[in-house]
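Each remark here refers to the structure printed beneath this line.
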Amino acid sequence: MIKQALLGEFLHEAENTRKLLQAIPDSALDYKPSEINWTTAELASHVVEVYNWYDATFNQDVFDMGTYQYDKGDISKAENIVAKFEENVAKAQKAIESWDENTMTNEWTMEMDGNSIFPPMPKIQVIRSFLYNHLYHHRGELVVYLRSTGNKVPGLYGPTADNKF
């Protein structure tokens, strides 16, 4: 039951992520609001990368960041970022579908070189915070980046100011 609820939310929100990524024009990829922020391309790539963490989070009890490697690909074109999203979101969906929800209270930890990066916590808490909420947070930042570059924002939870009512 939990698995079906998480899968339903995942599918709905993946479509929202897709709409947002597809709204990013190449002309906005180099924008960053300050020197300490990521560019739009880097932020969008990070959103896409979060989907790459689903298998290690849903189907393992330890995520070893010391051995984790990710190829973000060429992020100089928005279409490449969207293509990487499609690849990662398909893998993420399979990770949820293959998940044994009986493991939801297993202790999960993220490590690097044998040291815990975050305090261990139940897997379901990690899924909701580290995957889902983390992703929504960065999507919100992307909305601000789009607005800041004069681009239209797609409606994720209803119409935006860009939509005619």
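The values are calculated or read from the model by the stated rules, or taken from the named source; none is laboratory data. Nothing here was measured: the structure is a model prediction, and the numbers come from that model. FYI the Cβ positions are ideal-geometry reconstructions off the backbone, even for glycines, and counts take in every protein chain you see. The protein model used for the area step is the full one, side chains on, heavy atoms only, and it has no ligands, DNA or RNA in it. Shrake-Rupley method; radii C 1.70, N 1.55, O 1.52, S 1.80 Å.
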List pairs: first residue in the stretch 127-149 and closer than 14 Å to Val48 by Cβ, second residue buried (at least 17 other Cβ atoms within 10 Å of the Cβ) and of a type in the set (Phe, Trp, Tyr) anywhere in the structure, Cβ distance under 8 angstrom, at least six positions apart or on different chains. Leu131/Trp53; Leu131/Tyr54; Leu135/Tyr51
Could you pull out the residue among Glu111, Glu141 that is charged (D, E, K, R), under 21 Å from Leu11 (Cα atoms) and either open to solvent by 50 Å² or more (accessible area, probe 1.4 Å) or in a loop (DSSP other than H, G, I, E, B) (or both)? Glu141
Quick check on the stretch 1-33: of everything there that is modelled with pLDDT of 95 or more, part of a loop (DSSP other than H, G, I, E, B) and open to solvent by 40 Å² or more (accessible area, probe 1.4 Å), which residue is farthest from Gln93 (Cα to Cα)? Pro33
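Taking the stretch 81-108, which residues are among the polar types (S, T, N, Q) and either in contact with a strand residue (DSSP E or B) (Cβ under 9 Å, 6 or more places away or on another chain) or open to solvent by 50 Å² or more (accessible area, probe 1.4 Å) (or both)?
Going through the stretch 81-108, the residues among the polar types (S, T, N, Q) turn out to be 88, 93, 98, 102-103, 105-106.
Across the stretch 81-108, the qualifying residues are Gln93, Ser98, Asn102, Thr105, Asn106.
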Inside the stretch 61-93, can you point out the residues that are out of contact with any Asp or Glu (no Cβ under 7 Å at 6 or more places or on another chain), in a loop (DSSP other than H, G, I, E, B) and free of Cβ contacts under 8 Å to residues at least 40 places away in the same chain? Thr67, Tyr68, Gln69, Asp71, Gly73, Asp74
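Look through Tyr145, Tyr132, Tyr157 and report the one residue that is under 12 Å from the mean Cα position of the chain (by Cα) and of a type in the set (Ser, Thr, Tyr). Step through it out loud before you land on a result.
On the way: Tyr145 fails: under 12 Å from the mean Cα position of the chain (by Cα); Tyr157 fails: under 12 Å from the mean Cα position of the chain (by Cα).
That would be Tyr132, the only listed residue that is under 12 Å from the mean Cα position of the chain (by Cα) and of a type in the set (Ser, Thr, Tyr).
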Near pairs, Cβ below 6 angstrom, 6+ apart or cross-chain, from the stretch 45-58 (over 17 Å from Asn16 (Cβ atoms) and open to solvent by less than 10 Å² (accessible area, probe 1.4 Å)) to any residue that is of a type in the set (Gly, Ala, Ser) and in a helix (DSSP H, G or I): Phe58/Ala95
